[in-house]
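Here the structure comes first, spelled out in structure tokens, and everything after it is commentary.
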Amino acid sequence: LVEQSDHLGGETLNLRTTLDGGDIREVVKQKIAAVNANNNITVHFNSKIVDINGGIGHFKSIIQDAAGNKTEVMHATVTIATGAVEYQPKDGEYGFGGDGVLTVRTLEQQVADGQLDPKSLKDLVFIQCVGSRNDEHKYCSRVCCAATVKNAIHLKEKNPDLNIYVMYRDIRTYGMREDYYRKAREMGVIFVRFDKDQPPVVAQSGGRLAVTVFDQTMGREFEFPADRVALASGVVARDNAIDVSRGFKLTLNTDGFFQEAHVKLQPIDFASEGEYLCGTAHSPMSVDEAISQSYAAAAHAGSVLGKDELESDACVAVVNEELCAGCVTCVRVCPYGIPKMKNVGMGIAEISPVECHGCGTCVGQCPAKAIELCGFKDIQLGAMIEELFTFEPDPA
Ligand code: SF4
Ligand code: SF4
Ligand code: SF4
């Protein structure tokens, strides 16, 4: 395990409870204890991977710690689980930075840690889609509607007299989370729909807060008093995702999250074999979804680790070193990033037969005709074409 910080747990340590009240930190604590007790697991804290070579079954990584010490590790697979972070609202965004305006996560922490007594509040406003579904981050963060509904229910349970207003564009409590949305409504939480072009305005007012919003459903403007305004901040990719993607030659999508090989058929695989993906490094997701995905990634890695030998596809590209001119065309065009240059003279291309997918792209592009695909060599294709044109069907 290569961990960039000085502890395990990542962003989950900032969460407190699940929708149904489960203690997230307790589960994480148990997992960390299990990792520490397992002699087969080595954790490199304050570390990062500075170099990686090889492919499935024979990766070689250099891990560097904060003091600059380097450790070489051989490994069969790689799983990217670098996570994501909460969007930090800008100063002044929905009044953020002013008294009483905080993110939903901070509100949850303050209540759970005893810093804020729900009974001390009279009016509370949630504002949804903060930092999501806008020009900067076009995607839905998927977890913030459920987080708001969860906190609204927990606060209502602690203080039934608390007035809670949720300013939303759409409520996306997908799956069984919809039951909690219904429960929140039944408990008296008021949901007010606003348009993207008419967002709520938060102002300090006589020692309290006032939120003005144009209610799309009612077709008129309302002003809500508030002791706290909780911003449902979205999930954004980590800044260092780009460095990790470059180091491992992996693809990021336009939102900065890691791109899987196929959204439905290979949701936790990368295009290169032996490299897997899980958690919010892939996209915004809830804790239970991240756990399911990590089980899937572990199962895929286990299917490699459980073998004594790996079989490569028979149809792979082979470089004729005598013809290779070192032009790096194959390095550029391979969709899986397989060809590498060996430093011999001008450089000679090298293609790992274990990693090659046999797509043939480099074969067609090599200007020196130095690459052939096993089973589809020029001489074999030529013989097939010749046979095709000399073939005379039986008139009968
Ligand atoms: S989950 Fe809800 S609050 Fe979050 S971005 Fe999607 S619609 Fe907006
Ligand atoms: S494209 Fe052909 S000539 Fe160029 S580096 Fe690759 S194998 Fe060598
Ligand atoms: S055959 Fe396809 S996968 Fe293999 S090295 Fe060439 S371009 Fe890459």
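The values are calculated or read from the model by the stated rules, or taken from the named source; none is laboratory data. It should be emphasised that the depicted structure is a prediction, and the values quoted were computed from it without experimental measurement. Glycine also receives a Cβ, built like all others from the backbone with ideal geometry; neighbour counts cover every protein chain displayed. These area figures cover heavy atoms from the full protein model, side chains too; ligands, DNA and RNA do not enter into them. Shrake-Rupley method; radii C 1.70, N 1.55, O 1.52, S 1.80 Å.
Using a 1.4 angstrom probe on the protein heavy atoms only, could you order MET285, MET346 from most to least accessible area?
MET346, MET285
Taking the chain, how much of its Cα-Cα pair set, in percent, is spaced more than 40 angstrom apart?
Cα-Cα pairs in the chain separated by more than 40 Å: 35 percent.
When the accessible area of the chain is computed with all protein chains present and a 1.4 Å probe, what percentage of it is carbon and sulfur?
51 percent
Can you find, among PHE45, PRO160, THR18, the residue sitting farthest towards the positive end of the charge dipole of the chain, where Lys and Arg contribute +1 and Asp and Glu -1 at Cβ?
Going by the Cα projections, it comes out as PRO160.
State the Cα centre-to-centre distance between the stretch 290-316 and the stretch 1-15 in whole Å.
Cα centroid to Cα centroid, the span is 25 Å.
First check a/c for the stretch 86-235, with a ≥ b ≥ c the square roots of the eigenvalues of its C-alpha gyration tensor; if it is under 1.5, answer rounded, and if not, answer prolate when a/b is larger than b/c or oblate otherwise.
Rounded, since a/c falls under 1.5.
Can you give me the long-range amide H partners of ARG193? Hydrogens built in the peptide plane at 1.01 Å from N, cutoff under 5 Å, separation of 5 or more residues or another chain.
TYR168, GLN216, THR217
Note the angle between two axes, namely the Cα long axis of helix 177-186 and the longest principal axis of the Cα atoms of the chain, as a number of degrees from 0 to 90, rounded to the nearest 10.
10 degrees
Give me the one-decimal Kirkwood hydrodynamic radius in Å for the stretch 317-390, with the sum taken over alpha-carbon pairs.
Computed over the stretch 317-390, the radius equals 12.8 Å.
Excluding same-chain residues fewer than 8 positions from LYS29, which lysines have a Cα within less than 28 Å of its Cα?
LYS29 reaches LYS48, LYS150, LYS158.
Going down the table (LYS138/LYS183; LYS90/LYS196; LYS264/LYS369; LYS340/LYS377; LYS90/LYS119), which pairs top 26 Å between alpha carbons?
Check vs 26 Å cut-off fails for LYS138/LYS183; LYS264/LYS369; LYS90/LYS119.
Just to be sure I understand: with springs between alpha-carbon atoms less than 10 Å apart, which residue in ASP135, ASP161, ASP243 has the highest mean-square fluctuation in the Gaussian network model of the chain?
The residue that fluctuates most here is ASP135.
May I have the extent of the alpha carbons of the stretch 226-272 along their three principal axes, as whole Å values ordered from largest to smallest?
52, 26, 15
Ignoring ligands, DNA and RNA, what accessible area per residue does the chain give at 1.4 Å, in Å²?
In whole numbers, the chain has 55 Å² accessible per residue.
Largest first, how would LEU265, LEU155 line up by accessible area (1.4 Å probe)?
LEU265, LEU155
GLU273: accessible area at probe 1.4 Å, nearest 10 Å²?
90 Å²
Using the Karplus equation 6.51 cos²θ - 1.76 cosθ + 1.60 (θ = phi - 60°), what ³J(HN,Hα) coupling, rounded to whole Hz, does each residue of the stretch 348-354 give in order, writing x for Gly and Pro?
Once θ is set to phi - 60°, the couplings for the stretch 348-354 become 10, 6, 9, 10, 6, x, 6 Hz.
Which lysines, on any chain, are close to LYS307 with Cα under 23 Å apart, when same-chain ones fewer than 8 places away are left out?
LYS60
Among DSSP beta bridges whose residues both lie in the stretch 86-235, state the antiparallel percentage, nearest 5.
45 percent
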